[in-house]
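Student: Below is the structure I would like to discuss, written out as structure tokens.
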Amino acid sequence: MNKLTHYNTKEIEQYIAEELYEEKELEIGKHLAECKECMELVQAQFRIIFSLEQWTATTHGRADWYVRMRKILQNALENTEVSIQQRIKNWMTEWNCRVGGIIQIIFKNAERAAEVITDFPDLLLAPGASRQFVHAIAIGANKHQGEITIISKDDPSIEITIDQKKRSAMIRIKGPRSFNPLLILATETGKPIVVETQKIEGTNFYGAYFENIPEGTYTLILEPENAVRQ
Amino acid sequence: MSTAKLILLGSKKVIDKSQVRTWFLDENHLYKAGRKNAESVDIDLSFDNAISRHHAEIWFENGSWLIKDTSAFGTRINGLEIPKDTAYRLHYYHALVLGNRTTLLFVPSDSPGIAWNNFFIEVTGSKFFSYALYYSKLPVIEKVKIINCRDSMSEPLTLCLRSLNYFRSIKEIEALPAYHSTEFTPEITVNTFSLEKQINRTKSTLEILINNNLIHMQDITMLAWNECSLVENPYNQTALATFVLPMHPSAAMAVKDSFPEKTGNHQIANAKKCMKELYKYFNETWKIRYLPPVAESRIQTLRLPEQVLLDWEHKEGQGTCLDLVLLFAACLEHAKFQPLLFMVRVSSHLYHAMIACWKDNHVRFKVLHKDIEPLLDEIIILDPITFTQQSPDSEKKNNKLSFDQSCAEAMQCLKQGKFLFALDIAAARKCDIVPLPYRGHALLSEFIKEVDAAAKQLAEETGNITGYKVYMPVHMLLALLMKEDGITRLLFKESGFDIEECISIIKSGIETIKHGNIVKELMPSQHYEELFYAALKYAQSENSLFVLEEHMLLALLKCESRSIDKVLQAIKGKRELLLEKLASLIPSLALRGREHLSTFCYEITSGLQ
């Protein structure tokens, strides 16, 4: 569907109620990112259904996330070294910008605890490598003030620890894997940080550690497992 | 010092097997490759007359290895002809074709790789395999690299890596384009039964087979379950964390006794206070004898907490520095602190272990620390031998120092010795290096679990006919006899019995047991329960982490069960003869008096001195 062909109310209702097939949902999502008219219709419908004051695709749109992922990856591609670029290109083409895992971290000022958002649409996750996250039950060393640990749901092979005091994010990914997975820490505006995780010596795990992260909202995404490399 | 080597991969010319096939390259030397003539060559390739007398030069300059072709026949690197008389940078794993017949591979000098039919196969991993490594799912073979050094597509291969009785891995390798390589971590299938039986250290071999042809063998040592290798590779080092047992009753009891005022889940105020109180407890309440490590201390036999804190009544114990460190670490972890295990080399063959603790609890990233400087301000460290007594024959009777003196001693030791690594136990736990499932008594091996389940199944089946569902030692004996590849079958076979006939006699015997009495619920007889208790005792006296088949068999042949008597009568077998045969089959079992574990430990330690 091109820009000029708009969606009807029924389709928009189905889109909001998440009743559409994945392909159709993506198609509408892409259209919404470009079509102001349809977006207004979505916002109006959303207000009717959920009685919210305001709705934007940025906060609620599933398909809008697809556009955002593409933007993050494109941005990462432009701001990384040549050896990594091919991998990001493959990520974009082979996996259609889907990710192996995603969380959002909001670092506020020093007095306020960091927030972690773990609930994202399944649509964003690469099939076979999809990883949703949940907050880990605070046990042992995790229960210390200022530290939040989240783990990958179902298969606890990825663990992320956020430390508000140190403004750090520590990521551990269980191996063995055929390659060290890439991680991208993207801000809303600035350049994303792209890192290739390193093997944690003496273990089967891969990891990355970000320190002194400034205040702001960050999206942390993980390269899908078994992404094709050339 | 040699940092690189050249390996002769293949030559279309048949060469003498005694011909040098590997040349180690020193950074301070210029190497000339060619055919022997008046002028000496370092890399003698005289077997190939398509090579110039002075074919190429290889040397090290400004951090790089370089090659220069000086021949009439040319030199190719990974298939590309290099310009004559021009220095060209060499990278590891470059394949050099000199002339058009001889292929050499340029690799790091410590590469364990081997050449086979124009392939280069490099298998890297640990020289030691142990239950701890297996339990932590750490790789015994870390990486396999295969390079096709031919100028054409390779055939697909089947690679098999195996160590007989212990593990095996089979991988289908797809065809590789010319000069391409593949790298992977092989999936290993481990024979748990064999590893559980590993009471003593044994030498084995890692066999590399391609398309079912054995192409290479390399040594691998199977450590006993309670042994560790300290310096061999990072995986063995992190596997040490499996021997820190925070839930062990002796560690838990030591923490409880150190902090009598604390009950339940009250957290002890801080790490320093915890270390100080524990230190005071071991220093003042216990008489712990320091045992110096044995000569070859890079592999150590470890004592678990109950083997260190031997006598709770008289508060007497013993251990090497590493045993004490593992105990102290277990206590700290039990008290919810984050211990670190320090390893220092004090002389060429001697290592010293010390215990430290992070001042603050945090989730940390690194498991192995190789740089000491960033740690020093964040930890409290002490030397555990400063709360011990020397052995009676030592001139110095007492090592005992105060807590502060012990910390100072540890810092002194760090300055004098060579710091090897610090192992962060809490970080290791985050990477799945969990404590061994040992709680002061042996565990049922997988084999015994299977046999136990089979015995119950037999009781269930016969119970459905007879109405009597009690499982007894005789069910266990039957299950053992029915288990393929077991020692029981071997024992009966070696003793002249027909196994199938024995099984048939026992089966029909079981069907007549207690006929008429109704017990509908599946339950064990008293003797059956005693059997496990006895087997457990035998396992412990053998210093085995697991109750193995031989322990169960010994318990069966020694138990006072009438059903076993009847069975032996029916098959015309005698306990004494079977016990004798068992002793000959398993010399380590030796059927000697079964001492209490602590006595046994004392014997071991006496033997070490």
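Student: Rounded to whole Hz and in sequence order, give me ³J(HN,Hα) for the stretch B:360-367 from the Karplus expression 6.51 cos²θ - 1.76 cosθ + 1.60, θ = phi - 60°, writing x for Gly and Pro.
Tutor: 10, 7, 8, 6, 10, 8, 7, 9
Student: Measuring from label point to label point, each 7 Å out along Cα→Cβ, what is the B:GLU373 to A:ARG112 span in nm?
Tutor: A separation of 3.9 nm, rounded to one decimal place.
Student: Then there's this: Of the GluC sites (Glu not before Pro) in the stretch A:168-230, which ones lie in a loop per DSSP and count no more than 11 other C-beta atoms within 10 Å?
Tutor: Working: sites: A:GLU188, A:GLU196, A:GLU201, A:GLU211, A:GLU215, A:GLU225; in loops: A:GLU188, A:GLU201, A:GLU211, A:GLU215, A:GLU225.
Answer by residue number: A:GLU188, A:GLU211.
Student: Which ³J(HN,Hα) values in Hz, rounded to whole numbers, follow from the phi angles of the stretch B:230-236 under the Karplus curve 6.51 cos²θ - 1.76 cosθ + 1.60, where θ = phi - 60° and Gly and Pro get x?
Tutor: 8, 10, 6, 8, x, 5, 5
Student: Quick one: check the C-alpha center-to-center distance for the stretch B:106-166 versus the stretch B:286-331, whole angstrom.
Tutor: Using only Cα atoms to place each centre, the spacing works out to 37 Å.
Student: Could you tell me the number of lysine pairs in the stretch B:443-585 with C-alpha atoms less than 15 Å from each other, where the two lysines are 8 or more residues apart or belong to different chains?
Tutor: Lysine pairs meeting both conditions in the stretch B:443-585 amount to 20.
Student: Taking the simple approach of a point 7 Å from Cα along Cα-to-Cβ for both B:GLU172 and B:SER348, what is their distance in nm?
Tutor: 5.2
Student: Among the lysines, which have Cα under 18 Å from the Cα of A:LYS24 when same-chain residues fewer than 8 positions away are ignored?
Tutor: A:LYS3, A:LYS10
Student: I've got another one for you. Going through the stretch A:77-110, which GluC sites (Glu not before Pro) have at most 14 other Cβ atoms within 10 Å and a DSSP loop state? Mind showing how you got there, number by number?
Tutor: Numbers: sites: A:GLU78, A:GLU81, A:GLU94; in loops: A:GLU81.
Within the stretch A:77-110, the qualifying GluC sites (Glu not before Pro) (loop, at most 14 other Cβ atoms within 10 Å) are A:GLU81.
Student: Let me ask something additional. Using Cα-Cα distances under 8 Å and only pairs 6 or more residues apart, what relative contact order does chain B have, in percent? Don't jump to the answer; show the numbers that get you there.
Tutor: Details: 1202 pairs, mean separation 52.2, N = 609.
About 9 percent, as a whole number.
Student: Another question, if that's okay. Once you've got the Cα coordinates, tell me which of A:LYS153/A:LYS199; B:LYS370/B:LYS400; A:LYS166/B:LYS359; B:LYS256/B:LYS280 are over 19 Å apart.
Tutor: Working: A:LYS153/A:LYS199 22 Å; B:LYS370/B:LYS400 30 Å; A:LYS166/B:LYS359 16 Å; B:LYS256/B:LYS280 13 Å.
Over 19 Å Cα-Cα: A:LYS153/A:LYS199; B:LYS370/B:LYS400.
Student: Could you give the length gained on full extension between B:LYS572 and B:THR124, defined as 0.36 nm per residue of separation minus the Cα-Cα distance, in nm? Numbers along the way, then the final one.
Tutor: Working: separation 448, 0.36 × 448 = 161.28 nm, distance 5.41 nm.
Between B:LYS572 and B:THR124, full extension yields 155.9 nm more.
Student: Ranked highest first by the average count of other Cβ atoms within 10 Å around their residues, in what order do B:341-347, B:165-171 fall? The partial results should precede the final answer.
Tutor: Numbers: B:341-347: 19.3, B:165-171: 17.4.
The densest-packed peptide leads the list: B:341-347, B:165-171.
Student: Which whole number gives the average, over all residues in A:202-213, of C-beta atoms from other chains lying within 10 Å of the residue C-beta? Let's see the in-between values first.
Tutor: On the way: counts 20, 16, 11, 7, 0, 5, 1, 3, 0, 1, 0, 0.
Taking all residues of A:202-213 together, the mean is 5.
Student: Another question about this same structure. Can you put B:GLU174, B:GLU316, B:GLU549, B:GLU57 in order of Cβ neighbours within 10 angstrom, beginning with the fewest?
Tutor: Values: B:GLU174 8, B:GLU316 15, B:GLU549 23, B:GLU57 19.
Going from sparsest to densest Cβ surroundings: B:GLU174, B:GLU316, B:GLU57, B:GLU549.
Student: Amide H of B:THR158 versus every other amide H placed in the peptide plane: which residues, excluding those fewer than 5 positions away on the same chain, fall under 5 Å?
Tutor: Answer set, sorted by chain and number: B:ILE173, B:ASN211.
Student: Something else: Counting only other residues whose beta carbon sits under 15 Å from that of B:ASP485, what net charge do I get with K and R as +1, D and E as -1? Write down the numbers at each step before the final one.
Tutor: Numbers: positive: B:LYS197, B:LYS483, B:ARG489, B:LYS493; negative: B:GLU196, B:GLU446, B:GLU450, B:GLU484, B:GLU494, B:GLU549, B:GLU550.
Net of charged neighbours comes to -3.
Student: Sticking with this one: For each of B:TRP59, A:TRP91, count neighbouring Cβ atoms within 10 Å of the residue's Cβ, then give the residues from fewest to most. Please list the in-between numbers first.
Tutor: Working: B:TRP59 19, A:TRP91 27.
So the residues, fewest neighbours to most, are B:TRP59, A:TRP91.
Student: Under 21 Å from the Cα of B:LYS203, which lysines turn up, not counting those fewer than eight places away in the same chain?
Tutor: B:LYS127
Student: Counting partner chain Cβ atoms within 10 Å of every residue's Cβ in A:161-170, what's the average?
Tutor: Details: counts 5, 1, 2, 0, 1, 1, 0, 3, 0, 6.
Partner Cβ neighbours, averaged per residue: 2.
Student: For the pair A:ILE84 and A:GLU211, how long in nm is the line joining their label points, each one 7 Å along Cα→Cβ?
Tutor: 1.8
Student: How high is the FRET efficiency from A:VAL134 to A:PHE179, r the C-beta distance, R0 22 Å, rounded to 0.05? Don't skip to the answer; put the middle values down first.
Tutor: Values: r = 26 Å, r/R0 = 1.20.
Calculated transfer efficiency: 0.25.
Student: Also, I was wondering about something else. Can you give me the P(r) profile for the stretch B:458-499? Cα pairs, bins 10 angstrom wide beginning at 0, each as a whole percent.
Tutor: 30, 40, 25, 5
Student: Related question: Work out which helices of chain B, taken as complete DSSP H runs, extend at least 18 Å along their axis over the Cα atoms and score a mean Kyte-Doolittle of 1.6 or more, then list them.
Tutor: On the way: long enough: B:321-334 (19 Å, 1.74); B:403-416 (20 Å, -0.36); B:446-466 (30 Å, -0.34); B:526-541 (23 Å, -0.62).
Those that clear 18 Å and a mean of 1.6 are B:321-334.
Student: Would you be so kind as to identify which of B:VAL470, A:ILE193, B:PHE387 lies farthest towards the positive end of the dipole of the protein assembly as shown, taking Lys and Arg as +1 and Asp and Glu as -1 on Cβ and the Cα centre as origin?
Tutor: The Cα lying farthest towards the positive end belongs to B:PHE387.
Student: Relative to a virtual label point 7 Å from the Cα of B:SER495 in the Cα→beta-carbon direction, which members of the stretch B:566-588 show backbone nitrogen distances below 14 Å?
Tutor: B:566-586
Student: A further question follows. Below 18 Å, Cα to Cα, which aspartates and glutamates can B:LYS32 reach? Residues fewer than 8 away in the same chain don't count.
Tutor: Filter leaves B:ASP42, B:ASP44, B:ASP48, B:GLU57, B:GLU61, B:ASP69, B:ASP85.
Student: For each of B:MET476, B:MET411, B:MET275, count neighbouring Cβ atoms within 10 Å of the residue's Cβ, then give the residues from fewest to most. Please list the in-between numbers first.
Tutor: Numbers: B:MET476 32, B:MET411 15, B:MET275 26.
Ascending number of Cβ neighbours within 10 Å: B:MET411, B:MET275, B:MET476.
Student: If you wrap a convex hull around the Cα atoms of the protein assembly as shown, how much volume per residue is inside, in Å³? Spell out each step's value before the answer.
Tutor: Values: hull volume 218.0 nm³, N = 839.
Per-residue hull volume (Cα only) is 260 Å³.
Student: From the phi of every residue in the stretch B:195-211, what ³J(HN,Hα) in whole Hz does the Karplus formula 6.51 cos²θ - 1.76 cosθ + 1.60 yield, where θ is phi - 60° and glycine or proline is x?
Tutor: 5, 5, 7, 6, 8, 10, 6, 9, 8, 9, 10, 9, 9, 10, 10, 10, 6
Student: Now for a separate question. If we count every other residue with Cβ under 15 angstrom of B:HIS94's Cβ, Lys/Arg +1 and Asp/Glu -1, where does the sum land? Before the final figure, lay out each step's value.
Tutor: On the way: positive: B:LYS5, B:LYS68, B:ARG76, B:ARG89, B:LYS145, B:ARG150; negative: B:ASP69, B:GLU81, B:GLU122, B:ASP151.
The answer is +2.
Student: Efficiency by 1/(1 + (r/R0)^6): what FRET value for B:GLU511 and B:GLU484, r their Cβ-Cβ distance, R0 = 30 Å, to the nearest 0.05? Could you put the intermediate results ahead of the total?
Tutor: Working: r = 23 Å, r/R0 = 0.78.
E between B:GLU511 and B:GLU484, to the nearest 0.05, is 0.80.
No value in this document is a laboratory result; all are computed from the given coordinates. Note that the coordinates shown come from a computational prediction; the quantities given were computed from them, not determined experimentally. Glycine also receives a Cβ, built like all others from the backbone with ideal geometry; neighbour counts cover every protein chain displayed.
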